[in-house]
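Notes for the one structure printed next.
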Amino acid sequence: ATNLAALSVSGVMVHQIPYLTDQGLSPGVAALSLTTYAIFAIPSKLIWGFLSERIHIRYLSAASMLGSAAGLLILLQANTNTEAIAFGVVYGSTRGAWAVVQSLIWADYFGRHFLGAIRGYVAPFQLLAGIGGPLFAAFVFDLKESYFLAFSIFVATYVIGALLILATKPPTHKA
């Protein structure tokens with residue numbers, strides 16, 4: 001699930017500005033959309049951290065991924081300045097949460113004692129997924145002359161990631 005998220009977010013980050021300019025928006029508005037994403041990602045970490053003390057991290061992780069999918073659905077339809085900014089707000093508010101919820105879900109599922117080893121083990125796979133996302137989107141663009149299919153697949157990876165997280169039951173800890 002975390003690798004699916006890494007694949008998607010890196011592909012979107014690299015290609016969202018060309019996508020928006022291909023939709024007829026100005027480079028300035030496309031860049032503002034990315035800036036909006038970054039601005040909304042900052043406070044989202046605080047909000048989702050607060051929520052993590054009240055809602056099971058499994059549900060928050062899935063909500064973060066589904067929110068990211070919703071943001072991408074907005075991006076796929078974005079051909080106005082307002083829609084491009086709306087994408088930045090929704091995607092930033094839910095993608096920004098991922099840094100918080102990912103660390104917490106690993107700690108809750110595998111224990112804090114092994115957190116360093118788990119992150120060390122997962123990091124190369126996430127790095128490969130992070131490299132693969134932009135390459136995949138570029139490959140699809142070269143074939144189809146559009147980012148629509150690649151971004152649609154990224155929506156699906158977020159949804160699949162959310163379903164995987166929801167299907168993974170929390171471990172039971174021995175007393």
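Structure notes:
- Single residue of the stretch 14-28 satisfying the filter (assigned to a helix (DSSP H, G or I) and without any contact (Cβ under 8 Å) to a residue 40 or more places away in the chain) that is most open to solvent (accessible area, probe 1.4 Å): 27
- Lone qualifier among 5, 31, 38 - being part of a helix (DSSP H, G or I) and open to solvent by less than 30 Å² (accessible area, probe 1.4 Å): 5
- The residue list 148, 110, 125 contains one member that is modelled with pLDDT under 95 and either more than 16 Å from residue 6 (Cβ to Cβ) or among the β-branched types (Val, Ile, Thr) (or both), which is 110.
- Output for the stretch 64-83, where each listed residue is in contact (Cβ under 8 Å) with a residue 60 or more places away in the chain and either on the phi > 0 side of the Ramachandran plot or not hydroxyl-bearing (Ser, Thr, Tyr) (or both): 65, 66, 69, 72, 73, 75, 76
The values are calculated or read from the model by the stated rules, or taken from the named source; none is laboratory data. What you are looking at is a predicted structure, and each value in this text was computed from that prediction instead of being measured. Reconstructed Cβ throughout: ideal geometry from the backbone, glycine too, with neighbour counts over all protein chains shown. Just so you know, the surface numbers come from the protein's heavy atoms only, side chains and all, with ligands and any DNA or RNA stripped out. Shrake-Rupley method; radii C 1.70, N 1.55, O 1.52, S 1.80 Å.
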